[in-house]
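First the structure, in the form of structure tokens, and then the observations on it.
The values are calculated or read from the model by the stated rules, or taken from the named source; none is laboratory data. Since the model is a prediction, treat every value here as computed from it, not as a measurement. Glycine also receives a Cβ, built like all others from the backbone with ideal geometry; neighbour counts cover every protein chain displayed. Note: accessible area is taken over every heavy atom of the protein model, side chains too, but ligands, DNA and RNA are not part of it. Shrake-Rupley method; radii C 1.70, N 1.55, O 1.52, S 1.80 Å.
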Amino acid sequence: MTNGLRERKKAKTRAAIRDHALRLFEERGYAATTVDQIADAAEVSPSTFFRYFPTKEDVILVDDVDEVLLGAIRAQPAGIPPIEAIRRAMREVFDAMSPAAWEFERRRQRLVLTVPELRMRMLQQMTEAIDLMAGVIAERTGRPADDFAARVTAGAAVGAMLSVLPTGHTDGVQPADFQRVEQALTLLQNGLPLD
């Protein structure tokens, strides 16, 4: 089997596991759905499930958009300020998402925001997202990977993006919300003027 065919088969299996897991979580509830049920629906063994996702939580919490976004930030022209690079990268990534990808992301975020154990793990993952974004910002600005200013900038950017979700909002970010994300990042870039 060629590498390209092998990678396509792996991607197809991974997508099938995620699709069936999401469907089962929505139909039966997160807590009531087992890994065995997900594996059975996806026509894989439980051990195959665990090769793709270390835990049941990970099948929902793994965010495919993060790596694409980090790559888009890296690809922004040199000299663009970090927040502007993030804003431009987000626009590129969001504009490139298909309606089906947005629908999957909406369903995934709704589940994460309404299941307490998933929401708690998501909050823990935000620290990891800040670390990853800080690394890219440091890389773009020629600073050390653990640079304090890069980490604060990344944390502020993640906080600004989260601020667009009103309290109690359980649908996650929608395509129409991107204008508010841009406004939040622009406010941050402009020093948060409140006048």
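Descriptive notes on the structure:
- The listed residue being of a type outside the set (Lys, Arg), open to solvent by less than 50 Å² (accessible area, probe 1.4 Å) and in a loop (DSSP other than H, G, I, E, B), out of Ile73, Ile86, Ile137, Ile80: Ile80
- Some residue of segment 88-104 being in contact with a Ser or Thr (Cβ under 6 Å, 6 or more places away or on another chain), closer than 28 Å to Glu57 by Cβ and at pLDDT below 85: no
- Residue match in segment 93-104 (condition: within 27 Å of Ala149 (Cα to Cα), in contact with a Phe, Trp or Tyr (Cβ under 8 Å, 6 or more places away or on another chain), assigned to a helix (DSSP H, G or I) and in contact (Cβ under 8 Å) with a residue 60 or more places away in the chain): yes
- Listed by first and then second residue, the pairs with beta-carbon distance under 9 Å, at least 6 apart or on different chains, first residue in segment 1-17 and over 18 Å from Ala42 (Cα atoms), second among the charged types (D, E, K, R), are Met1/Lys9.
- Taken over segment 105-124, the residue count meeting the criterion of being surrounded by 15 or more Cβ atoms within 10 Å (Cβ to Cβ) and either in a loop (DSSP other than H, G, I, E, B) or of a type in the set (S, T, N, Q) (or both) is 2.
- Tally of residues being buried (at least 16 other Cβ atoms within 10 Å of the Cβ) and modelled with pLDDT under 90 across segment 2-23: 0
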